[in-house]
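Just so it is clear, none of the values below were taken in a lab; they were calculated from the coordinates. Please read all numbers here as calculations on a predicted model, not as lab measurements. Positions of Cβ are generated from backbone atoms using ideal geometry, with glycine treated the same way; all protein chains shown enter the neighbour counts.
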Amino acid sequence: MPKQKTLIAWALITTLAIGVVAHGLGYRAGLQDLSARSEAARMLASDRLLGQLDRFRSLPAVLAQFPDVTSAGPGANALLEELAATTGALDLYMLDTDGWAVAASNYRLDRSFLDKNYAWRPYFTDAKATGFGAYHAVGSVSGQRGFYFSARIPGANGVVVAKIDLAAMEANWRGDEAVLFFEDQSGGAFMSNRPGLILKRLDDAAPVNPRQYTNQ
């Protein structure tokens, strides 16, 4: 009888051990599956974002080739307004060698960039130094988040800038079940399909980089 009880006890212990191992393997497989699906969602979201932005990457360089734009003459504002509507850019504008906006597609609006100085923005300094700039920030005049592409005007130190509306891109992601966000180099979420995450650090939910992300 004791031998039988011992066998039963060992059988129970073995069954429990098998159950624990099976549960552990199932948990690990579940985590691996979740990780794989998360990585797939991340790659898809990244590809989608890059695809949307790539439509505008070369736009400033193309516009910088046209005297009707770079001369900042009487018709430049209206031309940039028309081109912004045609291309889907939020704003198109030209900065002179000192960073002053001398032509802008939003010249009719209260948030017009005309006569505003952007010499402090990296998209201006980078374009002057290397010929090309890319940056994301909240507009200091408009208060609107945007991704900026810029290009130096050949033979001059002026710069043409295209601002892309990030909020419009996010609107296409709001129906996604997965939580999507894109962090910048400081660890802040500059884009997300969850409004509560935007412009927050994910560790302490504090605003990030005031000079980049506030319209002061």
1/(1 + (r/R0)^6) with r = Cβ-Cβ of ALA129 and ASP165, R0 = 25 Å, i.e. FRET efficiency to nearest 0.05, evaluates to 0.40
Go through GLY139, ALA89, TRP100 and say which Cα lies farthest out towards the positive end of the charge dipole of segment 73-139; charges sit on Cβ, +1 for Lys and Arg, -1 for Asp and Glu.
GLY139
If every Lys and Arg gets +1 and every Asp and Glu gets -1 at its Cβ, then about the Cα centre segment 96-181 yields a dipole, in debye to the nearest 20, of 180 debye
Could you grab the relative contact order for segment 83-192? Cα pairs under 8 Å, six or more apart, rounded to a whole percent.
22 percent
Using 0.36 nm per residue, how much length does the chain from TRP120 to SER46 gain when fully extended, once their Cα-Cα distance is taken away?
23.8 nm
